[in-house]
1. Taking region 29-39, which residues are surrounded by fewer than 15 Cβ atoms within 10 Å (Cβ to Cβ) and in contact (Cβ under 8 Å) with a residue 40 or more places away in the chain?
2. Considering each residue of region 40-56, count those that are loosely packed, with under 14 Cβ neighbours inside 10 Å and either within 34 Å of the chain's Cα centre (by Cα) or under 23 Å from residue 366 (Cα atoms) (or both), and give that number.
3. Could you list, in sequence order, all residues of region 407-438 that are under 59 Å from the mean Cα position of the chain (by Cα) and closer than 18 Å to residue 655 by Cβ?
4. Which one of 549, 531, 584 is crowded, with 20+ Cβ neighbours inside 10 Å, in the same structural domain as residue 713 (by TED's automatic domain parsing) and touching a helix residue (DSSP H, G or I) at 6+ places or on another chain (Cβ under 6 Å)?
5. Of the conditions (1) surrounded by fewer than 19 Cβ atoms within 10 Å (Cβ to Cβ); (2) more than 23 Å from residue 647 (Cα to Cα), residue 565 fails just one. Which one is it?
6. Can you spot a residue in region 563-579 that is touching a residue at least 60 places away in the same chain (Cβ under 8 Å) and outside any loop (DSSP other than H, G, I, E, B)?
7. Any residue that is under 26 Å from residue 335 (Cα atoms), part of a helix (DSSP H, G or I), free of Cβ contacts under 8 Å to residues at least 60 places away in the same chain and over 56 Å from the mean Cα position of the chain (by Cα) - is there at least one of those in region 197-213?
8. I'd like to check something: does region 377-392 contain any residue that is touching a helix residue (DSSP H, G or I) at 6+ places or on another chain (Cβ under 7 Å), under 30 Å from residue 7 (Cα atoms), at pLDDT 85 or above and surrounded by 13 or more Cβ atoms within 10 Å (Cβ to Cβ)?
């Protein structure tokens, strides 16, 4: 019962732990609900709530969903039909390597140097080309374009706001890109016109320079020809003058008449010719210089014409350069605007990503919170499961232990009845009915059962046992259980049971006794059910027959009868019926005449050795069994002088080991299990071992009587309807038949010794 009470208390502890844990779990569930609500609100502020068309049967979210839109957060309301999600576009940006900062004539020279430095096909020298691809917001989608009949969001979040802002910046950037394209195209047109103006002026200058050079060349040729012509005329004239001069030196008369004036004429002509030549040379020189000055004058006229042409071009080119510079500056400003709005658009996209990352962090935080909460709840569940398992195990143990306790209480009540004999009445039998029908353990304080429940209600096992204990505490002294009468008595089976006298003068008595023993010899002791069930280790090792001697008898305690139920005669022994119970403390058997038994059992030093050389010698240590096979009888304690005979069919059962720590084969189960609480069947008979017989009954009254008696039958009533003395032949000799024959020939009697204790019962 204490074990059952302990199991019940453990179950109660587990139940209290379960209730405490349920309270803690309810508090934690409330905290979880509050935190989940906070996360939901925080996510709604970021993602917004889903469109009404996305909530309901067959939609993204179940009916009644009021949480954040974690799946279609990128869908926003379309403000009008003109607003559409844009596609990506590309802008070609030409960034000048050097800014045009000159003014006045230097501006034209700067622009002209840039334009002259490269052809239109070699623009990379003038500026760097950069291609800018603008991606639209990759998330934003309009509800009417994405899916019709979505309705509207009950609540927008931060993501929808930054998506609107990003898309707005994208549209502004698109407009700036288009403006930049228009301005760049206009600048290209102006640059082409300026380039054509420069090319035209250059062509004009080239043609004018070529014409002027040709005019100067022709003039120089003409001048050269004119000088040559003058020189030729001079030579011709000089030749005539020289020839005339030489002719004057010649005489006009040939012969005897000499022209005396011819030398003078020749000298005069010579001087005139020289003067003519010098003058003519001087004239030619001046004429050549004059012609050279005319060529220089022509060159000056041509240079003046070139300068006037350049002056006219400078004014036109400066005007065109100013216009080109203004357009360039305007395009540069648009480029800076493009950079600025690109940064704004990039910041808005980064804001979208940052907001999305913020939402993801909140989700991750919520996920970690849920994982931790799940782990804690799993711990609660594990604890709950453990508590329930422990409680169920304790309850199962309680049920099995209760059944076991009820069984043992029933056996205890039976033992109480067996010891006292006080429950034979109808009222006494009601005690057993209460134990069988009771389903409560009852009140147990400090391991002791308490009779605290009204007798009209179910007092439980403890209440019934407490009342039995209270009655026994009085009956123990009143019935003499604590002060019994002790006796040691030797009964002769030959004389008192079989009525065979032992008179040496009458030899027929020994023969009759020998025949009686032979009549009780059996071929196989195992054929007797009582012997097979109650004698321990009697079976042959090879499974063969076990011959031996079996003597059955009954005993009684009645007035006028001996112990074996025969009329009380001279020399017979009997117990007094004035004691309501006479019970066995120990038992022994003496075999007078047995040859070969140890004589030193008497304690005498000079007793000698066993007579093993005798023809009829047997084993020095014969073993035998004495088993009760019938019904125990006792008298109920008398009230006054009235005695009532009662009987008990005693099942001497083996108490199973609770845990079987040694894993014995006969005890292989566990103490607690679903089918029962014992490791063996509860009604397994406890068998009797063999004990050693002695050769003389005086050994039972020696200084060490316990050496010659067996206490296996302690507590059993000496009054029994059937006993059996079993003597296996293999304990006598190896040759079993010879052993039986020698036993019958030598043993003169079988004496049964009982050391008993009796209770007065009044």
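The values are calculated or read from the model by the stated rules, or taken from the named source; none is laboratory data. These figures come from a predicted structure and were not determined experimentally. Here the Cβ positions follow ideal geometry from the backbone for every residue, glycine too, while neighbour counts run over all protein chains shown.
1. Once the filter is applied, which keeps residues that are surrounded by fewer than 15 Cβ atoms within 10 Å (Cβ to Cβ) and in contact (Cβ under 8 Å) with a residue 40 or more places away in the chain, region 29-39 yields only 35.
2. Let us first name the residues in region 40-56 that are loosely packed, with under 14 Cβ neighbours inside 10 Å, namely 41, 56.
Still in the list and also either within 34 Å of the chain's Cα centre (by Cα) or under 23 Å from residue 366 (Cα atoms) (or both): 41.
So the answer is 1.
3. Within region 407-438, 407, 408, 409, 410, 411, 412, 413, 414, 415, 416 meet the criteria.
4. Working: 549 fails: touching a helix residue (DSSP H, G or I) at 6+ places or on another chain (Cβ under 6 Å); 584 fails: touching a helix residue (DSSP H, G or I) at 6+ places or on another chain (Cβ under 6 Å).
Among 549, 531, 584, only 531 is crowded, with 20+ Cβ neighbours inside 10 Å, in the same structural domain as residue 713 (by TED's automatic domain parsing) and touching a helix residue (DSSP H, G or I) at 6+ places or on another chain (Cβ under 6 Å).
5. With respect to (1) surrounded by fewer than 19 Cβ atoms within 10 Å (Cβ to Cβ); (2) more than 23 Å from residue 647 (Cα to Cα), residue 565 is out only on (2).
6. Looking through region 563-579, none of the residues is touching a residue at least 60 places away in the same chain (Cβ under 8 Å) and outside any loop (DSSP other than H, G, I, E, B).
7. In the first step, residues of region 197-213 are kept if they are under 26 Å from residue 335 (Cα atoms); the result is none.
No; the residues of region 197-213 include none that is under 26 Å from residue 335 (Cα atoms), part of a helix (DSSP H, G or I), free of Cβ contacts under 8 Å to residues at least 60 places away in the same chain and over 56 Å from the mean Cα position of the chain (by Cα).
8. No: zero hits.
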